[in-house]
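The values are calculated or read from the model by the stated rules, or taken from the named source; none is laboratory data. All values derive from a computational prediction rather than experimental measurement. Virtual Cβ from ideal backbone geometry, glycine too; neighbours counted across all protein chains shown.
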Amino acid sequence: MNGRHVYVFFITYLFDFSLANDVVGCGGFLKSHVPIDFSKVEVKLVTKQGIIKDRTTAAPNNGYYFVPLYDKGEMVLELAPPPGWSFEPKQVEINIDGVNDLCSQGKDINFVFQGFGITGKVESLGSSNTGPKGVTVHLQSKEENRTTITDEGGNFFFTPVYPGLYKVSISHPRWKIFRNSIDVQVAESNAELQKNSLIVQGYEVVGKVTSDGEPVKGVTILLFSQENRPVLVHGCIKGTTEVSQNNKSLCLAITDDNGVFQFGVVPNGRYYVTAHFQKQNFHYRPTRIEFEVNNGDAILDQHFEIIGFSIPGKVLKSRGKPVPNAKIYVNGQEVTKTDNEGAYKLEKMKAGTYRMKVEAEDLTFDEKMVRVSPSHQELPDMLPSAFKVCGMVTSGQSQTVTFTPLGSSQTVAVVQAQSSTRDGGFCHFLPPGRYDVQVVVGQDESRKGLQFFPLKHTIEVTSEEITDLIFSQLKATVFGKVKCLQPEKCEGLSVVVKSDNTEDIIVKVQGGSFKLEDIFPGVYKVSLSPNRFCWESSKSTLNINSATVDVTFTQIGYTLNLLLSHDAKVHYHLKTETKSSSIEAKRGRSTVCLPKPGEYEFTVDSCHSYNMNSFSYDTDDEGANEIALNAEKHIQAVCIKADRDFGEIRVAVKIAERQPFLTTLNHKDGCYRLELMLHPEETALVRPESDTLFFTPATLSVHGKEDCSDLGVKFVAVQGKVFQGRVVPPLEGVVLTVESSDSDTLVAETDARGFYRFPPLDGGKQYKIQAAKESYVLIGPDENGDFLARKLAEVIVEVVDSGDDGALAGVLLSLSGGDGYRKNLQSGEDGKITFHSLSPSEYFLRPMMKEYVFEPNSKIIPVNEGQTVHVRLVGKRVAYSAYGKVVSLNGEPEENMVIVAKGIANCTMYSEETSSEFNGQFRIRGLHPYCSYVVEVKNNQDAAAVAATQGVVERSVPERIPINHIKEDARDLKLVVFRGATQTDILVRVYSANVDHYKSLKVKLFRESGSSAMTAKIDAASVKLTKAANPGLMIYMPSVPLDNASYSLQLESSLLVQNKKWQYHDFLANTTFKYFELDFSPKSNIIDQPIRQTSIWTLLFIFVVLVVVYNVQAVAGFLKDRFDFNLSNLANFIPSPSSSQKSTGDYFDDADIDQIVQSINNTKKKPKAKGLKK
């Protein structure tokens, strides 16, 4: 079938995926006025605490760099150029917030190159990778002399350096210099010294030898190399000595009065030393000390300690007869064994007396006390105290055997001879001497005629064990024959003789016969042990009543046992014959007797599939003659219904993990019948295919069962609608999408020739077809279903993991090139990413992922017009991540929490940190393999951080989480944080003796540094207060920050009082709760008296009096003319207004009148309650 297609129903096809979107990070260019190799400059993103979050190098062609961002917070973007190079700025501080910073906005951060320097490395002889620290380096020219010190790797640099000729030399107070100077010419770039320009020849090696903590003088220390290469060593004794003449030591040193030895000049490398003391067999711990000289003096922490000496000994049966493989015990502990000469050696002994004992087969030894000292050349010989004497009594029952010294009537030993004992029946250990050995027969057995011969054995025990004593009894003999189709196959068969009065007797068939001797008279059952042959009779009963008896067994074939899980018919025949036989084998065990020797072919006829559907069996096979046939699969039959014969159809079948396969079916009886052989737990996905037919359903899952089944009609086939065509020019991998009128979607791809074809579709629907491929523009289709393709340039990058060669997702790929092009994308789940729509140019590609290093780590890619460039990158994992979540006590996620992973043990120099996201989750990257860490919450006391996180984190549970020897990602870490209080709560008790005054009161709260106030109005209406029941009112003021600031609390009233000096309290917000009491006690003013309605006439009267006073002369004239009333006398008491006198109106100024009017208005209006305002 042309094309590759994928079924997608009710899903819209997407060309892009989320991992391919642009990545947020910090990027920009390194710029220089002279050509330099930008790739030598490292760009690092570090935290304020100096923890490196990520690093990269710049593109060599245009200086572009890009560092991905994983966390928010304050960061520093800094450069690490080669020694001597200078850039401006050296670093840029950035507060990563995801919105406003330069990186989040995608703006470039550029660095400009400033100058050059002289760089180099002081190396150790034989090692060019690293060099020694602390070597003084001198820079000399006509104008100046400068010095510096090498760093940890032996590196040094001088900057700035101007063009000219310089001499660089090195020196050290102790180390021997192999190559000490070189001339350097600086032109228009950094001058970097070549390898092997400045070399230190070697370093001191110092160690010590002690005994019980005291130094040992005169010990010879030999120096050896662990590497197969020439080593140039100085500062030690060379040549052959008694100790070194049989080894390949480099040289030797002798310990001084302080037990110290020293080798003066030893190059870098791996070595070991051993200790020897002339003419003494001493033992040292350790036997050797391995060490490495690595760019510095090697002071051996481990000392040689003398721990003991050696002394030999022997174990002998007698003088000149050694005892091999004897176990030597010292103070009850086995320490060694003797060799073939009976010799042994006790190692690491110290002077003293020891209990020694020997254990050896067939011998016994007495324990001895032995004195050991370095002056003894060897231990005394160990001789046995007794030898083993063994024999056999040929009897069906246990018998008593006695040992009596010759010439004595006193028996020294009585033992029981067991008839079932295989090693001789009886054994006993006897000291050297002569003995009589005899079997004691009871009176009852003696009366029955039981007698053993000989009556006794006379033996002499000297220096060897005795094992050949035999006492025998006469019995009958049985002769048997075994007739076999292949006589040699019956060799070694076992014949079992059973009797009620005796134990079973077993003999082997030899030469087609067997013989049973020493049999007592009686009835016996004789049978062949289980075997793989068929017999006329495999058992026989014998009545032994004479001296000899005959019995015969005849073979008729070879047995084969079949164990079946289900019924089946089994056919078989000899390979050399065509005639076949069969057996209806039922479930369980069935036995077949094969009449002739040879190899048989078996086949199983069944609807089941067994673990073996055919097999061979050879009667000559020495293996088991049992075959287990377990039905593993069973046929499940499915019918695909069709109203007529459409010719062959194809059916694609995918069964679990098996390789998918395609089969063809023919039409018969209105059905295409499919038979699937399935495991009971298997499920087969069945998809019928045809160039013209449409199937309903499109797929079907068929489940296996425990037996064969016919599932009936499961599919219906009808004539379908077909879409097919090609892409011109031929283009593989173009995605064709057919969408139906009801949004069902079908997707296919073009094959290598550009052809595509969709399976037949439902002819009752309307469809539309589209074509798409990245980096291509496709036009069509025409009437033939063909599309026209136009190519754009692209770079396809594939990233794989070196561990399993699998796809590596999430790798950041930075591509930059001509015309300012730069793109930063992440690889998808398949490890691939495509950079589309590229113009012809040279591009620089760099992969980045914090836990991986890549090969190659960067690549220059030339791209031509319309070209597709494939790049494969291999990532090697060098670090791991820790995943977890930070929550509060109630399980809510905590955002912006700083989580730190601190290295411990040998990894204290490592530390990584991150911040939790909005959902509380975090990921700490860059954890070094096999390092141990503790993960904890960082308690940031910064005020801004406290405000952002709603309080200081007092502690977390657990306080820290250990990660031991990390060698894979750590997951499911969980930290629960507890916060401290962040605000001060204020409670105020207000009391007024007059309950009516509460409604006029309010409490104000002022901050010392602020002008605004927070006000709380007292609501007395909700509380029933009386003069008799007036405890006061409690008011909760708004909470203030717990910031140790100064605040004032003040009680005010809207009533007019004489002295407006309100009661207040000053306090500091330094605790979580404050309580205050405020009392209101006003003093009455005259204007505070209530004015009634009748007082209005009084006001009118006062007004008239005022008018008269101001116009007193006019009023007096009027009264005199009208009423002839003289007011002169009265006028004398009323002063007239003048410029030098105050009028009576000064007693009631405008402010007093306004206050009187306000009091009148207050009698008409009730005060409205005011809420808390701020």
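Here are a few things to note about the model shown:
- Residue identified as under 30 Å from Phe533 (Cα atoms) and surrounded by fewer than 17 Cβ atoms within 10 Å (Cβ to Cβ) among Gly670, Gly647, Gly598: Gly598
- Odd one out for Ala652, checked against (1) aliphatic (A, V, I, L, M); (2) surrounded by fewer than 16 Cβ atoms within 10 Å (Cβ to Cβ); (3) over 30 Å from Thr696 (Cα atoms): (3)
- Enumeration of residues in the stretch 973-1000 that are among the hydrophobic types (A, V, I, L, M, F, W, C) and under 20 Å from Ala1028 (Cα atoms): Val990, Ala993, Val995
- Applying the set (1) out of contact with any Leu (no Cβ under 8 Å at 6 or more places or on another chain); (2) surrounded by fewer than 19 Cβ atoms within 10 Å (Cβ to Cβ); (3) closer than 13 Å to Ala585 by Cβ to Ala624 leaves exactly one unmet item: (3).
- Some residue of the stretch 552-572 being touching a strand residue (DSSP E or B) at 6+ places or on another chain (Cβ under 7 Å) and free of Cβ contacts under 8 Å to residues at least 24 places away in the same chain: no
- Condition check for Gly207: under 30 Å from Lys121 (Cα atoms), at pLDDT 85 or above, surrounded by 20 or more Cβ atoms within 10 Å (Cβ to Cβ) and not β-branched (Val, Ile, Thr): yes
- Qualifying strands (runs of 3 or more DSSP E) (wholly inside the stretch 23-108; at least 3 residues being outside the structural domain of Ser916 (by TED's automatic domain parsing) and farther than 25 Å from Gly810 by Cβ): 25-31, 73-80, 86-88, 91-96
- Some residue of the stretch 733-747 being modelled with pLDDT of 90 or more, surrounded by 14 or more Cβ atoms within 10 Å (Cβ to Cβ), of a type in the set (Gly, Ala, Ser) and within 20 Å of His870 (Cβ to Cβ): yes
- Sub-9 Å Cβ pairs linking a first residue in the stretch 420-434 that is more than 11 Å from Cys390 (Cα to Cα) and modelled with pLDDT of 85 or more to a second residue that is among the aliphatic types (A, V, I, L, M) and crowded, with 16+ Cβ neighbours inside 10 Å, at least 6 apart or interchain, are Pro431/Ala386; Pro431/Val461; Pro432/Ala386; Pro432/Val461; Gly433/Val461; Arg434/Ile459; Arg434/Val461, ordered by first then second residue.
- Positions within the stretch 126-168 being hydroxyl-bearing (Ser, Thr, Tyr), over 47 Å from the mean Cα position of the chain (by Cα) and surrounded by 16 or more Cβ atoms within 10 Å (Cβ to Cβ), in sequence order: Tyr166
- Hits in the stretch 262-285 - residues which are loosely packed, with under 15 Cβ neighbours inside 10 Å and assigned to a loop (DSSP other than H, G, I, E, B): Gln278, Lys279, Gln280, Asn281
- Entirely in the stretch 722-790, the strands (runs of 3 or more DSSP E) that have 3 or more residues that are touching a residue at least 12 places away in the same chain (Cβ under 8 Å) and among the hydrophobic types (A, V, I, L, M, F, W, C): 735-740, 745-749, 767-772
- Listed conditions (1) in contact with a strand residue (DSSP E or B) (Cβ under 9 Å, 6 or more places away or on another chain); (2) in a loop (DSSP other than H, G, I, E, B) are all met by Ser814, apart from (2).
- So Val549, is it under 27 Å from Ser709 (Cβ atoms), β-branched (Val, Ile, Thr) and outside the structural domain of Leu693 (by TED's automatic domain parsing): no
- Among the residues examined, Gly926 qualifies as within 22 Å of Asp54 (Cα to Cα), in contact with an Asp or Glu (Cβ under 6 Å, 6 or more places away or on another chain), modelled with pLDDT of 85 or more and outside any loop (DSSP other than H, G, I, E, B).
- Restricting attention to the stretch 154-194, the residues that are in contact with a Pro (Cβ under 6 Å, 6 or more places away or on another chain) and at pLDDT below 90 add up to 3.
- Filtering the stretch 863-894 to residues that are acidic (Asp, Glu) and either in contact with a helix residue (DSSP H, G or I) (Cβ under 6 Å, 6 or more places away or on another chain) or surrounded by 18 or more Cβ atoms within 10 Å (Cβ to Cβ) (or both) leaves only Glu894.
- Taken residue by residue, the stretch 230-252 has no member that is at pLDDT 90 or above and farther than 30 Å from Arg179 by Cβ.
- Scanning the stretch 271-314 for residues being free of Cβ contacts under 8 Å to residues at least 24 places away in the same chain and in the same structural domain as Thr336 (by TED's automatic domain parsing) gives a total of 0.
- Pairs where the first residue, in the stretch 448-470, is under 21 Å from Arg319 (Cα atoms) and of a type in the set (Ser, Thr, Tyr) and the second is modelled with pLDDT of 85 or more and in a loop (DSSP other than H, G, I, E, B), C-beta under 7 Å, 6+ apart: Thr462/Pro432
- Residue list for the stretch 343-375, filter: farther than 20 Å from Ser463 by Cα and of a type in the set (A, V, I, L, M): Leu346, Met349, Ala351, Met356, Met369, Val370, Val372
- In summary, Thr119 fulfils each of the numbered conditions (1) of a type in the set (S, T, N, Q); (2) in contact (Cβ under 8 Å) with a residue 12 or more places away in the chain; (3) assigned to a loop (DSSP other than H, G, I, E, B) with the single exception of condition (3).
- The single condition among (1) surrounded by fewer than 18 Cβ atoms within 10 Å (Cβ to Cβ); (2) closer than 30 Å to Asn666 by Cα; (3) touching a strand residue (DSSP E or B) at 6+ places or on another chain (Cβ under 7 Å) that Val722 does not meet is (3).
- Restricting attention to the stretch 35-50 and to residues that are surrounded by fewer than 16 Cβ atoms within 10 Å (Cβ to Cβ) and in contact (Cβ under 8 Å) with a residue 40 or more places away in the chain, the residue that is nearest to the chain's Cα centre (by Cα) turns out to be Gln49.
- Members of the stretch 628-638 that are over 46 Å from the mean Cα position of the chain (by Cα) and surrounded by 19 or more Cβ atoms within 10 Å (Cβ to Cβ): Val638
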